[in-house]
2 protein chains.
Amino acid sequence: MTTPALDRDAGEPGDGRPAILLLSGGLDSTTLLALATRRGWTVHALTFRYGQRHGVEIERARALAAQYGVRRHVIADIDLREFGGSALTSDIAVPKDRSADVMSEGIPVTYVPARNTIFLSFALAFAETTGSQDVFIGVNSLDYSGYPDCRPEYIRAFEGMANLATRAGIEGAARLRVRTPLIDLTKRQIIELGQSLGVDYAMTSSCYDPRPDGAACGHCDACQLRLRGFAQAGTADPAAYAP
Amino acid sequence: MTTPALDRDAGEPGDGRPAILLLSGGLDSTTLLALATRRGWTVHALTFRYGQRHGVEIERARALAAQYGVRRHVIADIDLREFGGSALTSDIAVPKDRSADVMSEGIPVTYVPARNTIFLSFALAFAETTGSQDVFIGVNSLDYSGYPDCRPEYIRAFEGMANLATRAGIEGAARLRVRTPLIDLTKRQIIELGQSLGVDYAMTSSCYDPRPDGAACGHCDACQLRLRGFAQAGTADPAAYAP
């Protein structure tokens with residue numbers, strides 16, 4: 001399976017080069033981890049404990065980082081609850097059972113202000129101290145069209161800013177590349193890519209509002225997108241769902 | 001006293017509008033706080049505990065925020081020590097008694113990778129949740145010419161990226177402005193500006209390597225730049241220095 005973004009962003013072999021990979025423990029970033037590893041990148045994984053309700057994904061990220069043998073896994077503590085403004089980090093209710101039409105309208109309350117900018121900024125620091133010129137992020141502009149910081153034009157602007165922000169920018173040496181091989185894929189295509197790479201999706205957690213034991217709710221936007229993707233791929237989601 | 005940057009970035013009255021201000025408790029950001037307050041902005045101050053050796057500045061920031069009656073003061077915990085790479089957050093020695101010539105060569109070891117990008121990213125989240133369209137940061141391109149993320153072209157690139165990253169970017173409503181009124185000023189000019197605004201510089205801390213009681217070392221780059229600035233302004237630095 002090839003797509004323009006896959007070819008452009010992950011097509012070339014890593015040849016052991018170091019890269020930073022933002023790993024949430026969800027379906028997208030886990031597929032990305034499998035892809036980057038298969039292509040020969042030496043992955044340094046970065047996960048955030050940012051006050052999200054769905055903290056179970058951090059444990060999944062830890063297990064996945066170990067399974068894929070990443071060079072180093074940093075779990076950074078940042079507290080975005082201080083700023084509020086999102087259903088994922090505050091008392092705003094996570095919406096359930098919304099139709100695809102409603103989901104695609106406007107910016108969802110699960111949008112966390114500036115989250116990808118903050119995540120990529122930490123990745124930039126990690127890249128600079130590990131000598132990495134490449135940052136992998138599993139953003140997707142199709143399923144998450146309402147999130148401003150998942151759009152290709154945002155990613156390119158971040159990359160441009162980053163290349164002015166760091167030693168590389170002033171010394172004219174290495175340039176940072178933000179790689180988004182999943183950006184043009186549907187959820188179905190991401191799942192099919194992951195399956196071709198042998199990803200064990202039972203280990204991943206996508207739910208915005210999981211039970212304490214980690215079981216997914218099955219009704220939030222993330223669960224619905226995921227379940228629909230598996231249905232379209234003609235296979236069952238192996239993850240645990242609350243009855 | 002007027003300069004192009006002052007006119008452009010802080011000349012217009014705030015008229016009570018909310019703004020985010022990055023407050024380190026040092027000389028520059030305190031002058032900035034006095035300026036923004038005087039111009040009528042409703043300041044939300046943001047300070048970081050990022051694993052810096054010079055943690056005393058956080059206590060100074062707290063006292064200054066109270067003195068200037070900021071609307072809200074968030075002290076965000078982020079651990080940049082995970083990434084290393086700087087004398088300010090690791091065991092690399094803070095350089096002492098360097099001449100101005102040596103200081104201006106290349107990027108100093110006190111540069112913290114991606115620090116301003118991380119700080120501004122949090123400010124972006126804070127701006128979004130407080131309805132602020134303005135972020136004040138006390139960067140200075142003269143004294144810190146070796147820091148890539150203090151340059152005007154970097155600030156403009158961040159601003160452009162930020163306007164694609166947030167609700168404002170997608171809804172086309174408010175645009176974010178990163179205001180850097182001190183960027184073209186010498187240390188002497190910053191001190192003179194602060195004095196005209198009644199800043200009590202005894203409350204500020206600039207030292208990279210202060211004693212536990214907060215007394216400045218007098219020998220690191222930051223102390224030397226500060227002491228030279230006061231000397232050029234023809235006045236004594238009221239801060240406490242270790243004997």
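The values are calculated or read from the model by the stated rules, or taken from the named source; none is laboratory data. As the structure is a prediction and not an experimental result, all values here were calculated from the model. Using ideal geometry, Cβ is built from the backbone for each residue, glycine included, and neighbour counts are taken over all protein chains shown.
Worth a mention:
- Top-ranked residue in the stretch A:72-98 [being more than 13 Å from every other protein chain (Cβ to nearest Cβ) and exposed (fewer than 15 other Cβ atoms within 10 Å of the Cβ); ranked as modelled with the lowest pLDDT]: A:Asp91
- Among (1) crowded, with 24+ Cβ neighbours inside 10 Å; (2) modelled with pLDDT under 85, the one test that B:Gly169 misses: (1)
- All of A:Thr37, A:Thr42, A:Thr3 fail the test of being modelled with pLDDT under 95 and either more than 12 Å from the chain's Cα centre (by Cα) or among the basic types (Lys, Arg) (or both), apart from A:Thr3.
- Count of the stretch A:186-204 residues, restricted to those that are farther than 18 Å from A:Tyr241 by Cβ, touching an Asp or Glu at 6+ places or on another chain (Cβ under 8 Å) and not aliphatic (A, V, I, L, M), is 1.
- Filtered residues of the stretch A:19-32 (kept if touching a residue at least 60 places away in the same chain (Cβ under 8 Å) and either part of a loop (DSSP other than H, G, I, E, B) or more than 23 Å from B:Ala76 (Cβ to Cβ) (or both)): A:Ala19, A:Leu21, A:Ser24, A:Gly25, A:Gly26, A:Leu27, A:Asp28, A:Ser29, A:Thr30, A:Thr31, A:Leu32
- Matching residues, the stretch B:209-219, being buried (at least 22 other Cβ atoms within 10 Å of the Cβ) and assigned to a loop (DSSP other than H, G, I, E, B): B:Pro210
- Close pairs (7 angstrom Cβ cut-off, 6 or more residues apart or separate chains): within 11 Å of B:Pro238 (Cα to Cα) and touching a residue at least 12 places away in the same chain (Cβ under 8 Å) in the stretch B:191-213, of a type in the set (D, E, K, R) and part of a loop (DSSP other than H, G, I, E, B) anywhere: B:Tyr201/B:Asp237
- The lone criterion from (1) in a loop (DSSP other than H, G, I, E, B); (2) within 24 Å of A:Arg156 (Cα to Cα); (3) modelled with pLDDT of 90 or more left unmet by A:Val178 is number (1).
- Filter result (assigned to a loop (DSSP other than H, G, I, E, B) and either free of Cβ contacts under 8 Å to residues at least 12 places away in the same chain or surrounded by fewer than 19 Cβ atoms within 10 Å (Cβ to Cβ) (or both)) within the stretch B:234-243: B:Gly234, B:Thr235, B:Ala236, B:Pro238, B:Ala240, B:Ala242, B:Pro243
- Test: residue in the stretch B:220-232 that is in a loop (DSSP other than H, G, I, E, B) and within 20 Å of the chain's Cα centre (by Cα): no
- Residue tally, condition surrounded by fewer than 19 Cβ atoms within 10 Å (Cβ to Cβ) and among the aliphatic types (A, V, I, L, M), over the stretch A:124-163: 1
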